[in-house]
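The values are calculated or read from the model by the stated rules, or taken from the named source; none is laboratory data. This structure is a prediction, so every number in the text was calculated from the model and none was measured. Every residue, glycine as well, gets a Cβ built from its backbone with ideal geometry; the counts of neighbours run over all protein chains shown.
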């Protein structure tokens, strides 16, 4: 069958596959390959269809993977997987036009596998994970786009790729944030502008030693850095930077509903942010290796689509499983866990011989009881917090005014903190506004 | 780091171009400048241009993100698909 499958890609040939799979997975990202790995381990016949020429060829993310979810499936995976660096240093900055206020937190406990996070480059990492699934017996066909769902009597029973129809008891859609297939089934609505951000990213090559010296890191340590304010030019968004082994991942994320309000285009805003006095020295001397873009869902828990229907499940980005809580962005650990739980659901359904929505509803229950929907629900109010524009506009300015006076020593008369902090706060919206945002933040993050 | 044009950035990426098979179709008769400019500004690859009151689009260099579709809300972008299997961008970093 492997030979037949490899022929599918040849132009003009139509191959009718008599074989039915236990499960078809669309998309060889983290959710898809984790599901494939879990199903194959349980002895199921699983086919993964990937439109890229290899698993990882179409995959992009900001750059940080929280390891706990994969640790459950492949303990000690970081010893072997192509991770970049273990994140030991967290930085968050508020940037005004000319200044930056930064908090750094470094912690020894970030090194433990169960709490560690890693910078990753997805083209490399996803390829590795797919190979793990393949080694367990999962079958991957790459360079093939799944065009349509096959639905009979309201039940999903396979996918169509060109002229070829492939059938299975169940289909797991892990085809990413746009998921045209989930949209075609009415499980997922078109992404709403106010809840969707565009991420543009550069992978910037730098010498290993330069990265260590510049960010104050030892050999395998890494830094994750979120920056809000100036980069998004008054819109909701920010920049993130992750140190890789011999490169930096630098990305600007901007809510799409804001586009057009700024004079500048998204690529122009990115270049402008790269020239900021806090950012420019970090990338100085760097050589661009790759330019990429990806949508990021920011609606959080309230944006979770229909997760199952007769014969089909959604996992990972296809299910909008991402949260942005200002000091960090998460999605990859959700993708891995949802991929695993989708597979566990399918294994149970196979035992029962029933792939109806009522059996597959166990998936939602498992997600509810897992960190995926628990954490997403916990942070459900984060999108509302981000609507306080002051965070991106006035507060970086306020921080500058306060710290600038504290740190400027030029012989002029000194003033007590409250003398200059109070007017700065007033200008930024006042104490009540700050309290409001503080209360909302308390409920959201 | 030196400032680079988007064209130069795209030049560093690896593409399998499907020249004669655009995976995105625009509405060439759509003329609302404000809406067109939002799509022009949104595309990370700068593939949309507004010239002589009309929108011009070239699918080669597409990063396959979906932003144009989301931003245009069905107005400028009429059909949005991924390229056929194996074509388009190939990320080597990701």
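List of remarks:
- Candidate set from region A:292-325 (those that are touching a strand residue (DSSP E or B) at 6+ places or on another chain (Cβ under 7 Å) and assigned to a loop (DSSP other than H, G, I, E, B)); member that is surrounded by the most Cβ atoms within 10 Å (Cβ to Cβ): A:315
- Positions within region A:162-185 being farther than 30 Å from residue A:197 by Cα and either surrounded by fewer than 24 Cβ atoms within 10 Å (Cβ to Cβ) or outside the structural domain of residue A:48 (by TED's automatic domain parsing) (or both), in sequence order: A:162, A:163, A:164, A:165, A:167, A:169
- Of the strands (runs of 3 or more DSSP E) contained entirely in region A:100-209, those carrying at least 3 residues that are at pLDDT 95 or above, within 25 Å of residue A:319 (Cβ to Cβ) and under 23 Å from the mean Cα position of the chain (by Cα) fall at A:117-119, A:164-173, A:196-205.
- Flag if residue A:229 is more than 9 Å from every other protein chain (Cβ to nearest Cβ), buried (at least 20 other Cβ atoms within 10 Å of the Cβ) and over 22 Å from residue B:64 (Cα atoms): yes
- Checked against (1) crowded, with 24+ Cβ neighbours inside 10 Å; (2) assigned to a strand (DSSP E or B), residue A:22 passes all but a single condition, namely (1).
- Among the residues of region A:25-68, those identified as outside any loop (DSSP other than H, G, I, E, B) and within 14 Å of another protein chain (Cβ to nearest Cβ) are A:26, A:30, A:33, A:48, A:49, A:50, A:64, A:65.
- Count of region B:75-94 residues which are facing chain A (nearest Cβ under 8 Å) and part of a loop (DSSP other than H, G, I, E, B): 10
- Those residues of region B:63-72 which are more than 7 Å from every other protein chain (Cβ to nearest Cβ) and touching a helix residue (DSSP H, G or I) at 6+ places or on another chain (Cβ under 7 Å), in sequence order: B:68, B:72
- For region A:232-257, the set of residues classified as farther than 15 Å from residue A:200 by Cα and either away from every other protein chain (no Cβ under 12 Å) or assigned to a helix (DSSP H, G or I) (or both) consists of A:234, A:243, A:257, listed by residue number.
- Selection status of residue A:152, surrounded by fewer than 21 Cβ atoms within 10 Å (Cβ to Cβ) and either within 14 Å of chain B (Cβ to nearest Cβ) or in contact (Cβ under 8 Å) with a residue 60 or more places away in the chain (or both): no
- Which listed residue, of A:101, A:88, is away from chain B (no Cβ under 14 Å), in contact with a helix residue (DSSP H, G or I) (Cβ under 6 Å, 6 or more places away or on another chain) and surrounded by 20 or more Cβ atoms within 10 Å (Cβ to Cβ): A:88
- Flag: residue A:374 matches the condition of being surrounded by fewer than 17 Cβ atoms within 10 Å (Cβ to Cβ), outside any loop (DSSP other than H, G, I, E, B) and modelled with pLDDT of 95 or more.
- Filter pass, residue A:351 being outside any loop (DSSP other than H, G, I, E, B) and free of Cβ contacts under 8 Å to residues at least 60 places away in the same chain: yes
- Residues being buried (at least 22 other Cβ atoms within 10 Å of the Cβ) and either facing chain B (nearest Cβ under 7 Å) or in a helix (DSSP H, G or I) (or both) - total across region A:263-285: 5
- Of all residues in region B:48-62, those satisfying the criterion of being in contact with a helix residue (DSSP H, G or I) (Cβ under 8 Å, 6 or more places away or on another chain) and either buried (at least 19 other Cβ atoms within 10 Å of the Cβ) or at the interface with chain A (Cβ under 7 Å from one of its Cβ atoms) (or both) are B:48, B:55, B:61.
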